[in-house]
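Trainee: Quick one: structure below, then a few questions.
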Amino acid sequence: MRETRYKNSIQLSAIGDSLGWITEFEKSIDSIIEKYGVSEIESFYKWEKHVGGRFNGYLDRIKSGSYSDDTQLLLSVARSIKQNGDVDNVYFSKTELPSWLKYARGAGRTIKNAAKKIERKSATWNNNFFNFKAGKTTIDYRESGANGAAMRILPISLANHNDFDKIKENIFANSIVTHGHPRAIVGAILYGFAIDVMLNQKVESFNYQSYLTELGKDIELKLKLNFITKPQFKSWLSEWNKNQENDFMSVYNETVQEALNSLRDVFKFIRDGKDTKSSLIHFGCYAPSTKGSGISTVVGGVYLAIKHYQNPEQAILEAVNSIGTDSDSIAAFAGGLIGCLYENEIIPNKWMGIQDSEYLNRIAQNLYEISINGTFETNRNQIELSLKSLNEISLDEYLENEEIFFNPLGKGIITNIDRQKTLTSGKYNLIIDVNFEIGQTCKFSKLLDIEKNEAERYFK
């Protein structure tokens, strides 16, 4: 059943994200052994990570099976898809994306800055040009070529299966909310195309040569932006090209060729039995300058999914244990792709504990229903003025087991409250875990003033 393919794809994408998040910032196998007592990560673990900076940060205690920003933003896009399969980019950019900052986990600097900048009144989904500081370097939106767009667009392909022109335009539109470099955009579109093609494959007759041939054949024509003259894109293109040495379309076409060359290398490496690490090194998955690239990580995911199409577990685990890469995104791409190939349930028991499993299945079901007949279970929520809100936390006034509201996730119950002092004198982090009625669980944090909140009693 195609419906099961959708559930496998969403589940395995989240599973790859969860497992790969554990290894993403590890430096060596020795550190894995020291922390978890194993040389390879194959199952979920509880673990800890310091977040928020040296002086104002806190220790994030991460539950077994927790996913990161890859899956969080995938779900945000899924909730933004309308019954006709189009993404409501106004809703995504002005509601889902800035709200996500309140509960984001494991997010990179580009996507976080994009989410902050979209809150400007002057910014719109097709006009979110910005720059930000990374150390002593200033990074421009046009230079943002990481995989933060690709990692969230799986729902677009699933909702619009067999209509690649629609998939392509919606992915482009959603990508430019946050990323301006063609490497991010082409990577996202390529992943969307790879998903769409995979949904038509049968595992018993799958052939990597024919699959890659279909991906690469006439790719310049397939990835052509034949909608770019529409008013909503024309204005964006004009702004992108201002004071630039190379115009957007020239860079875009060069990047399409880069993607095609990488697909040719996937073909050769699988044919010649090249080992995974050498292949991922070649794709740029280990180099600091390209390890998070929209092209390199998507190609890495495609490579692993088709190399191990008969063994989904191995496809994901090779990505997870490629220490030094953007392991969570590559594993999520591999999982999302290989899940599309199987019409039977393939999630191993040891991975059934993925965070929000039932909600992931319901999202997959919604996407399937959209692709079939344009109907789905709505996830939009009415504002509940009678409940305390988590959208703007200004005071430490929340209680465990209290019902709260958060736009856009709706009503939820606070399951745990933690308070951690910071190195900055007089400050502490309020950390709130919430189970939402829709089925998603989130962790919120807010830096507060101890004296203002009379919080000394918590730290005696």
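Bear in mind that the values in this text are calculations on the coordinates, not laboratory data. Only a predicted model underlies this, so the values are computations on that prediction, with no experimental measurement involved. Note: ideal-geometry Cβ built from the backbone for every residue, glycine included; neighbour counts use all protein chains shown.
Trainee: Just to confirm the filter: which trypsin sites (Lys or Arg not before Pro) across the range 47-128 are DSSP coil and have at most 12 other Cβ within 10 angstrom of their Cβ?
Mentor: Qualifying residues, ordered by number: R54, R120, K121.
Trainee: For the range 156-203, state which trypsin sites (Lys or Arg not before Pro) are in a DSSP loop and have at most 13 other beta carbons lying within 10 Å of their beta carbon.
Mentor: Answer by residue number: K202.
Trainee: Could you give me the percent of Cα pairs per 10 Å distance bin for the range 206-279, shortest bin first, beginning at zero and ending with the bin that holds the maximum distance?
Mentor: 16, 35, 26, 17, 6
Trainee: Over the chain, calculate the relative contact order: mean separation of alpha carbon pairs under 8 Å at least 6 apart, over the residue count, as a percent. Walk me through the numbers on the way to the answer.
Mentor: Details: 858 pairs, mean separation 104.3, N = 460.
Relative contact order, the chain: 23 percent.
Trainee: Run through the range 195-298 and list the chymotrypsin sites (Phe, Trp or Tyr not before Pro) located in a DSSP loop whose Cβ has at most 16 other Cβ atoms within 10 Å.
Mentor: Loop-located and lightly packed - F206, F227.
Trainee: Here is a further query. Where does each of T4, T297, T424, T229 land when they are ranked from fewest to most other beta-carbon atoms within 10 angstrom?
Mentor: T229, T424, T4, T297
Trainee: Report P(r) for the range 232-328: all Cα-Cα distances, bin width 10 Å, range 0 to the bin holding the largest distance, values in whole percent.
Mentor: Each 10 Å bin holds this share of Cα pairs: 15, 39, 25, 15, 5.
Trainee: Still on this structure, I have one more. For the chain, compute Rg over Rh where Rg is the Cα radius of gyration and Rh is the Kirkwood radius from the inverse mean 1/r over Cα pairs.
Mentor: 0.96
Trainee: Among I153, I316, rank each residue by its count of other Cβ atoms within 10 Å, from fewest to most, as a rough exposure measure. List each step's numbers first, then the result.
Mentor: Numbers: I153 26, I316 31.
Listing I153, I316 from fewest to most nearby Cβ atoms yields I153, I316.
Trainee: Going by average Cβ neighbours within 10 Å, how do the peptides 67-73, 341-347 rank, with the highest at the top?
Mentor: Result, highest mean first: 67-73, 341-347.
Trainee: So between L387 and T138, what do we pick up on full extension, going 0.36 nm a residue minus the alpha carbon distance? Each step should come with its number before you reach the end.
Mentor: Working: separation 249, 0.36 × 249 = 89.64 nm, distance 4.14 nm.
Answer, rounded to one decimal: 85.5 nm.
Trainee: Let me ask you something else. So how many Å³ per residue does the convex hull of the Cα atoms of the range 388-459 work out to?
Mentor: In the range 388-459, the Cα hull volume divided by residue count equals 79 Å³.
Trainee: Among M198, M1, which comes first, then next, by fewest other beta-carbon atoms within 10 Å?
Mentor: In order of increasing Cβ crowding within 10 Å: M1, M198.
Trainee: Further question on the same structure: Return one number: the angle in degrees, 0 to 90 and rounded to the nearest 10, between the long axis of the Cα atoms of helix 2-23 and the longest principal axis of the Cα atoms of the chain.
Mentor: Approximately 60 degrees, to the nearest ten.
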